[in-house]
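> First, the structure itself, so that you have it in front of you.
The values are calculated or read from the model by the stated rules, or taken from the named source; none is laboratory data. Please read all numbers here as calculations on a predicted model, not as lab measurements. So basically every Cβ, Gly included, is an ideal-geometry build from the backbone, and we count neighbours across all protein chains shown.
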Protein chains: 2
Amino acid sequence: MLHNHELQQGIRLACCCLPEGDMSISSVETSAAGSIVTEFSPRDAASNLRFSMIDTPLKQRSLEDQRALSDDLNSPLLSPRSLRALALQSGGSSVKVLADRSRGIKVMQDGDRPYGFAADIGTTTVVVYLADLCTGEIIDHRAQMNLQRRFGSDVISRIQYSCSKPAGTEEASRTILDQLDGMMQDLIFSHDLHPEDLIETVLVGNTTMLHLLAGVYPESIALSPFIPVFTHPVSCSMQELGFSRTVNGRALLPGSVSAYIGADITAGLYASGITSLDHPALFIDVGTNGECALWDTKTLYCCSTAAGPAFEGASILHGIGGIAGAVCGITAVIQDNQVQVTARTIDEAPPRGICGSGIIDAAAVLLDLGLADETGRMVSLEEDPWNMLKETPHGTAFSICSTPEREIYLTQGDVREVQLAKAAVSAGIKTLFSETGISGEQIGSVILAGGFGQHLHIPSVQRIGLLTGDLQCEIRPGGNTAGKGAAEVLLHPEALDALEDIRSSARYIELSSSPVFQMHFIEEMIFPEQENSNG
Amino acid sequence: MLHNHELQQGIRLACCCLPEGDMSISSVETSAAGSIVTEFSPRDAASNLRFSMIDTPLKQRSLEDQRALSDDLNSPLLSPRSLRALALQSGGSSVKVLADRSRGIKVMQDGDRPYGFAADIGTTTVVVYLADLCTGEIIDHRAQMNLQRRFGSDVISRIQYSCSKPAGTEEASRTILDQLDGMMQDLIFSHDLHPEDLIETVLVGNTTMLHLLAGVYPESIALSPFIPVFTHPVSCSMQELGFSRTVNGRALLPGSVSAYIGADITAGLYASGITSLDHPALFIDVGTNGECALWDTKTLYCCSTAAGPAFEGASILHGIGGIAGAVCGITAVIQDNQVQVTARTIDEAPPRGICGSGIIDAAAVLLDLGLADETGRMVSLEEDPWNMLKETPHGTAFSICSTPEREIYLTQGDVREVQLAKAAVSAGIKTLFSETGISGEQIGSVILAGGFGQHLHIPSVQRIGLLTGDLQCEIRPGGNTAGKGAAEVLLHPEALDALEDIRSSARYIELSSSPVFQMHFIEEMIFPEQENSNG
């Protein structure tokens, strides 16, 4: 199962390894998360910051002016910690007070560097950004695979696990808390920061991830009529949330819209700036769920479809996440009546599997080459004009690449998974079109959020019909919009209110009971017919 | 040093005892705190309570109404703990929400009994009251000697200790936090309560006690111009203050007026109702400090004098606190030209020492019998008409009682201590008279707060001139007004605001720089002349 170079790196299969003495073990999945999309284009860091450091003079005191030292500060509810710092000063000197939206919140000492975290808790991946609150800079980040994956790859299976046994929710909660805790402590340690200088952490994620983070029993999210326990913003101490005492300060969970439009989407919508556009626009975040939002220049309509984990590689035979060695791009060139398939891998590492963008490319190639018809049926080996299909233990399959150590192929079953996922997302978009009367031609821009959007090849996306062909506008990746939104809430004073405006004014369209969606879903199960062969 | 009955109880002197195996040790001082004044007359418990339990229906949900469950509660910032409790309910049912001043703060589960603590942290004694928030009843209390006594008996010596070494403040802070923590856990355990149901703890004490509680370096309180770090109310979590994780909920420290008029006095003034009286009144709280307040029917004037610990027995040779066996009352009857001195002890236990009220009685008897003149000088043995004085290793002394095991007497040095303490308090009162133009005859009532006021014999107090003779009105003990005030802040919605009104409108008169006080102090060093012999 393992490559030679992996063996040389010390990688072993845990199921085949018997410890013979003390050893340290690290998980490859967690540590090999270098290709998780963490980038976003931050706004001008120094513009309009939420936090500022105010040099506050302490008036000289006398027997005629015996007011307490804290009376010189514009913040009556200073914490014991601040009062302890203030006590080291005296009248006639001055103190540095950290202010949040001009309101003093903490007395700082020399050398204190106030910082915060913005965390994006995806179902598959987790990213924590470290921000300097006074400069507004994102200093560093950590990205890992979500360790809750062992309880299931999508939100429904996580909810089922959490509700399947007495302490299931606590277990899921503890898992993500401990993971975030470790990532934060790593950042604190790497940058030689003081735990006391951690002021605030903004955490976004889908509604299920936030319920599990807060240890809130999530069963009602999974059962019709899909009722979350909370969608409003939650503000509490990190310890109330369950973090260790080495991770201090406040925690802020921005609000969600519904059970399946979470704070990752509200934050992403805010960060994308979609509601300030003067033309209709689409926002699409395809992960294990496919969340779509349509801005008609007045109202934001949103819906969520169960895309399934196909585009994250999870239900695909050789599917993997976007890690080094994942096949992320496939092209097929016909020359001399022969098809030459070229597969690119992330970091040009030896191929280990296939990730979302590779899977979509593979499906597009299959369709282009006539190896699968518009119903998604792969042709038989006899019908195969290019001799590209082969019989495997998993049935007929399309060989993407093969090395002496490993062959990676896409099976008929994989194509069905892609077909279902694609149908769910595109039917969701079409339902938004039907609801608003907006058509694809009117859309001025499409924002593809998250890791899915980052590596996609737009022609393949359109070839498989994931995005309808009548979208003529710019289709651009938004990067990690959820993480960006979380960072903006952390750093900029107007962000939380603006995000709340989006949240409270967004119109959520429930698809599970929508006949319009059902109709579109059935239609969209069919791949688009080939327009012209571009092999 | 020890009585037989004490030895039988297992009491030993730690300095003479070598452990020979595992043993458990408990401190007699701490546990023998049964006579600490903890009583106060509570108001009608059920009247106008701050907390209430609101039965909140959760509307049935459907695909047309997918709002989060928490949207049915009138409290958007519910804690993760509440959301966890809410998640066990579903649409169509109802939840019990604990409300503070009508604002929902916590989702309760069946069997939850919300409770709170009111703590009075005296320099000498500590009392913690347990209150049922929904009935307003004080269920139980614990009283102990303040374990910080080992750092000094008065606030100045505690401040000096705290500032004498690097972690001195932390040590003093840890001592009182651990003590309170233990007392609270004892109450929680005794009443079979859940730590999670502890909602709020209101803590009052003098300004130094509150600084040390919060771990705030207190040096500036002891140095002219006597500037506290904070006097405003502090609201934070119990953990921020430094309590263990088994003592939960919020902590509230009501505000102080100045370095020497603390939250114990603001709480006491509120609880005494003095500012609602329609006649001038005096409020006197004599502990190690003597705080006095005068209400002139419009404004409250207050001052603080360094009474010293004489009235708490601390600087008196045979002085002890108000514990079992303390001589608390002395009468002298002249019969057949012989003086018969009768000493009463607390709990009628064998005499172990003399406490505040006994000391004042003894001084009054000395003056009445002509054994000390108005300058405080004890007559010589030759001048002693009653043959009551005797020579001791500590000089001439007045024998109060003697048993085969122990003799208790008052020395010349003790009389000087009483004289200084009495002069400080009565000069403080006279300074308030001078500042306001009010005279003793105009005062309609005098409230004696705290343990000192509880056991006093008013004729003795007047005989030694602690209260001037022109006070013709009712002089009544107020009980533990500080504890009562803390409990009212915990239980009644208007109390904190009313206390804040008192705090912010009170006029503080600094005595250390007052020539008027200096003049009165010198005058008041002289005991009043004997009006008529009532021996």
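> Inspect region B:192-204 for any residue being over 22 Å from residue B:496 (Cβ atoms) and either among the aromatic types (Phe, Trp, Tyr) or within 11 Å of chain A (Cβ to nearest Cβ) (or both) and give the result as yes or no. Let's see the steps before the verdict.
Filtering region B:192-204 down to residues over 22 Å from residue B:496 (Cβ atoms) leaves B:192-196.
Checking the rest, the ones that are also either among the aromatic types (Phe, Trp, Tyr) or within 11 Å of chain A (Cβ to nearest Cβ) (or both) come to none.
No, the conditions are met nowhere in region B:192-204.
> Another question, then. Any idea which residue in region A:327-355 is surrounded by the fewest Cβ atoms within 10 Å (Cβ to Cβ), counting only those that are closer than 22 Å to residue A:2 by Cα and in contact with a helix residue (DSSP H, G or I) (Cβ under 6 Å, 6 or more places away or on another chain)? Give the steps one after another, and end with the answer.
First pass over region A:327-355, keeping only residues closer than 22 Å to residue A:2 by Cα: A:327-328, A:343-355.
Those still in the list that are in contact with a helix residue (DSSP H, G or I) (Cβ under 6 Å, 6 or more places away or on another chain) too: A:327-328.
Values: A:327: 27, A:328: 24.
Residue satisfying both the conditions and the ranking: A:328.
> With respect to residue B:261, determine if the residue is surrounded by 20 or more Cβ atoms within 10 Å (Cβ to Cβ), over 19 Å from residue B:407 (Cβ atoms), of a type outside the set (Gly, Ala, Ser) and within 14 Å of chain A (Cβ to nearest Cβ). Reasoning before the result, please.
Working: surrounded by 20 or more Cβ atoms within 10 Å (Cβ to Cβ): yes; over 19 Å from residue B:407 (Cβ atoms): yes; of a type outside the set (Gly, Ala, Ser): yes; within 14 Å of chain A (Cβ to nearest Cβ): yes.
Spelling it out, residue B:261 is indeed surrounded by 20 or more Cβ atoms within 10 Å (Cβ to Cβ), over 19 Å from residue B:407 (Cβ atoms), of a type outside the set (Gly, Ala, Ser) and within 14 Å of chain A (Cβ to nearest Cβ).
> Let me ask another. Select from region A:435-492 the residues that are β-branched (Val, Ile, Thr) and farther than 30 Å from residue A:253 by Cβ and list them in ascending order. Give the steps one after another, and end with the answer.
Taking region A:435-492 as the starting set, the residues that turn out to be β-branched (Val, Ile, Thr) are A:436, A:438, A:443, A:446-447, A:458, A:461, A:464, A:468, A:475, A:481, A:489.
Those that are β-branched (Val, Ile, Thr) and farther than 30 Å from residue A:253 by Cβ: A:438, A:443, A:458, A:461, A:464, A:468, A:475.
> Spot the failing condition for residue A:433; the list is (1) modelled with pLDDT of 90 or more; (2) within 22 Å of the chain's Cα centre (by Cα), and only one is missed.
All conditions pass for residue A:433, except number (2).
> Could you tell me which residue of region A:235-257 is farthest from residue B:87 (Cα to Cα), considering only residues that are at the interface with chain B (Cβ under 7 Å from one of its Cβ atoms) and either of a type in the set (A, V, I, L, M, F, W, C) or crowded, with 24+ Cβ neighbours inside 10 Å (or both)?
Just the residues of region A:235-257 that are at the interface with chain B (Cβ under 7 Å from one of its Cβ atoms), to begin with: A:235-237, A:239-241.
From what is left, the residues that are either of a type in the set (A, V, I, L, M, F, W, C) or crowded, with 24+ Cβ neighbours inside 10 Å (or both) are A:236, A:241.
Numbers: A:236: 18, A:241: 15 Å.
This residue is A:236.
> Select from region A:416-426 the residues that are out of contact with any Leu (no Cβ under 7 Å at 6 or more places or on another chain) and within 21 Å of residue A:331 (Cβ to Cβ) and list them in ascending order. Explain how you work it out, then say what you get.
Initial filter on region A:416-426 (out of contact with any Leu (no Cβ under 7 Å at 6 or more places or on another chain)): A:416-421, A:423-424.
The answer is A:418, and nothing else.
> Still on this structure, please answer the following. Residue A:289: modelled with pLDDT under 95 and within 14 Å of chain B (Cβ to nearest Cβ), yes or no? Talk me through it step by step, then tell me what you get.
Values: modelled with pLDDT under 95: yes; within 14 Å of chain B (Cβ to nearest Cβ): no.
Judged against the criteria, residue A:289 is not a match.
> Scanning region B:299-326 for residues that are touching a residue at least 60 places away in the same chain (Cβ under 8 Å) and among the β-branched types (Val, Ile, Thr), which turns out surrounded by the most Cβ atoms within 10 Å (Cβ to Cβ)?
Filtering region B:299-326 for residues touching a residue at least 60 places away in the same chain (Cβ under 8 Å) gives B:299-312, B:314-319, B:321-324, B:326.
Subsequent filtering for residues that are among the β-branched types (Val, Ile, Thr) retains B:299, B:305, B:316, B:323.
Numbers: B:299: 12, B:305: 24, B:316: 26, B:323: 24.
Only one residue fits best here, namely B:316.
> Condition first: farther than 30 Å from residue B:250 by Cα, out of contact with any Phe, Trp or Tyr (no Cβ under 7 Å at 6 or more places or on another chain) and at pLDDT 70 or above. Can you find one or more residues in region A:68-81 that meet it?
Checking region A:68-81: not a single residue is farther than 30 Å from residue B:250 by Cα, out of contact with any Phe, Trp or Tyr (no Cβ under 7 Å at 6 or more places or on another chain) and at pLDDT 70 or above.
> Another question about this same structure. Please verify whether residue B:90 is facing chain A (nearest Cβ under 10 Å) and surrounded by fewer than 21 Cβ atoms within 10 Å (Cβ to Cβ), treating the condition exactly as stated. Outline the logic, then answer.
On the way: facing chain A (nearest Cβ under 10 Å): yes; surrounded by fewer than 21 Cβ atoms within 10 Å (Cβ to Cβ): yes.
Taking the combined requirement at face value, the residue satisfies it.
> Still on this structure, please answer the following. So if I check each of B:452, B:517, which one is modelled with pLDDT under 95 and buried (at least 16 other Cβ atoms within 10 Å of the Cβ)? Before you say what the answer is, go through the steps one by one.
Numbers: B:517 fails: modelled with pLDDT under 95.
Step by step, each of B:452, B:517 is checked, and only B:452 is modelled with pLDDT under 95 and buried (at least 16 other Cβ atoms within 10 Å of the Cβ).
> Scan region B:61-77 for residues that are farther than 23 Å from residue A:162 by Cα and not in a strand (DSSP E or B) and report the count. Outline the logic, then answer.
So the first thing to find is which residues in region B:61-77 are farther than 23 Å from residue A:162 by Cα, and the list is B:62-65, B:71-77.
Add one more test, that the residue is not in a strand (DSSP E or B), and what stays is B:63-64, B:71-77.
Of the residues in region B:61-77, 9 are farther than 23 Å from residue A:162 by Cα and not in a strand (DSSP E or B).
> Of the numbered conditions (1) within 14 Å of chain A (Cβ to nearest Cβ); (2) surrounded by 24 or more Cβ atoms within 10 Å (Cβ to Cβ), residue B:484 fails exactly one; give the number of that condition.
(1)
> List pairs: first in region A:237-252 and in contact (Cβ under 8 Å) with a residue 24 or more places away in the chain, second in a strand (DSSP E or B) and of a type in the set (D, E, K, R), Cβ under 6 Å, 6+ apart or cross-chain?
A:249/A:200; A:250/A:200
> Across region B:453-489, what is the total count of residues that are more than 30 Å from residue B:142 (Cα to Cα) and not acidic (Asp, Glu)?
Final tally of qualifying residues: 13.
> Answer with yes or no whether residue A:38 is assigned to a helix (DSSP H, G or I), modelled with pLDDT under 80 and not charged (D, E, K, R).
Details: assigned to a helix (DSSP H, G or I): no; modelled with pLDDT under 80: yes; not charged (D, E, K, R): yes.
Answer is no for this residue.
> Is it the case that residue B:55 is more than 44 Å from the chain's Cα centre (by Cα) and either within 11 Å of chain A (Cβ to nearest Cβ) or over 23 Å from residue B:250 (Cβ atoms) (or both)?
Criteria not met by residue B:55.
> Okay, moving on. Please specify each residue of region B:60-106 satisfying the condition of being more than 24 Å from residue A:504 (Cα to Cα) and among the hydrophobic types (A, V, I, L, M, F, W, C).
Scanning region B:60-106 gives B:85, B:88, B:95, B:97, B:98, B:99.
> Buried (at least 22 other Cβ atoms within 10 Å of the Cβ) and within 14 Å of another protein chain (Cβ to nearest Cβ): is that true of residue A:507 in this structure? Can you show your working first?
Details: buried (at least 22 other Cβ atoms within 10 Å of the Cβ): no; within 14 Å of another protein chain (Cβ to nearest Cβ): yes.
Taking the combined requirement at face value, the residue does not satisfy it.
> Could you give me the residue pairs with C-beta distances under 8 Å whose first residue belongs to region A:207-230 and is in the same structural domain as residue A:303 (by TED's automatic domain parsing), whose second residue is modelled with pLDDT under 95 wherever it lies, and which are 6+ apart or on separate chains?
none
> Go through region B:358-392 and report how many residues are farther than 30 Å from residue B:347 by Cβ and of a type in the set (A, V, I, L, M). Talk me through it step by step, then tell me what you get.
As a first pass, look at region B:358-392 and keep what is farther than 30 Å from residue B:347 by Cβ: B:370, B:373-385, B:387, B:391.
Still in the list and also of a type in the set (A, V, I, L, M): B:378-379, B:381.
Residues that pass the stated criteria total 3.
> β-branched (Val, Ile, Thr) and under 22 Å from residue B:320 (Cβ atoms): is that true of residue B:379 in this structure? Steps first, please.
Working: β-branched (Val, Ile, Thr): yes; under 22 Å from residue B:320 (Cβ atoms): no.
No, not satisfied.
> Please report, ordered by residue number, the strands (runs of 3 or more DSSP E) entirely within region A:78-121 with at least 3 residues that are within 26 Å of residue A:66 (Cβ to Cβ).
Details: elements: A:94-100, A:103-108, A:115-121.
By residue number, A:94-100, A:103-108.
Residues are listed down the side, and each one gets a yes or a no for (1) of a type in the set (A, V, I, L, M); (2) touching a Lys or Arg at 6+ places or on another chain (Cβ under 8 Å); (3) within 17 Å of residue B:366 (Cα to Cα):
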| position | (1), (2), (3) |
| --- | --- |
| B:425 | yes, no, no |
| B:428 | no, no, no |
| B:432 | yes, no, no |
| B:451 | no, no, no |
| B:465 | no, yes, yes |
| B:482 | yes, no, no |
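> I'd like the full set of residues that are within 20 Å of residue B:396 (Cα to Cα) and touching a residue at least 60 places away in the same chain (Cβ under 8 Å), limited to region B:328-342.
Correct list: B:330, B:332, B:339, B:341.
> Same structure, new question: Which of the residues that make up region A:425-449 are surrounded by 20 or more Cβ atoms within 10 Å (Cβ to Cβ) and of a type in the set (S, T, N, Q)? Quick ask: steps written out before the conclusion?
Just the residues of region A:425-449 that are surrounded by 20 or more Cβ atoms within 10 Å (Cβ to Cβ), to begin with: A:425-433, A:443, A:446-449.
Within region A:425-449, A:426, A:431 meet the criteria.
> What residue, among those in region B:58-87 that are facing another protein chain (nearest Cβ under 9 Å) and among the polar types (S, T, N, Q), is surrounded by the most Cβ atoms within 10 Å (Cβ to Cβ)? First the steps, then the outcome.
Here is the first cut: in region B:58-87, the ones facing another protein chain (nearest Cβ under 9 Å) are B:61-71, B:76-81, B:83-84, B:86-87.
From the residues that got through so far, the ones that are among the polar types (S, T, N, Q) too are B:62, B:66, B:70, B:79.
Numbers: B:62: 12, B:66: 21, B:70: 25, B:79: 19.
Per the stated criteria, the residue is B:70.
> Every residue in region A:128-142 that is surrounded by fewer than 19 Cβ atoms within 10 Å (Cβ to Cβ) and hydrophobic (A, V, I, L, M, F, W, C), please.
A:134, A:139
> Among the listed residues B:267, B:281, identify the single one that is under 23 Å from residue A:67 (Cα atoms) and more than 14 Å from chain A (Cβ to nearest Cβ).
Numbers: B:281 fails: under 23 Å from residue A:67 (Cα atoms).
Exactly one of B:267, B:281 is under 23 Å from residue A:67 (Cα atoms) and more than 14 Å from chain A (Cβ to nearest Cβ), namely B:267.
> Which of (1) of a type outside the set (Val, Ile, Thr); (2) touching a residue at least 12 places away in the same chain (Cβ under 8 Å); (3) outside any helix (DSSP H, G or I) does residue A:366 not meet, given it meets every other one?
Evaluating residue A:366 over (1) of a type outside the set (Val, Ile, Thr); (2) touching a residue at least 12 places away in the same chain (Cβ under 8 Å); (3) outside any helix (DSSP H, G or I) leaves (3) as the failure.
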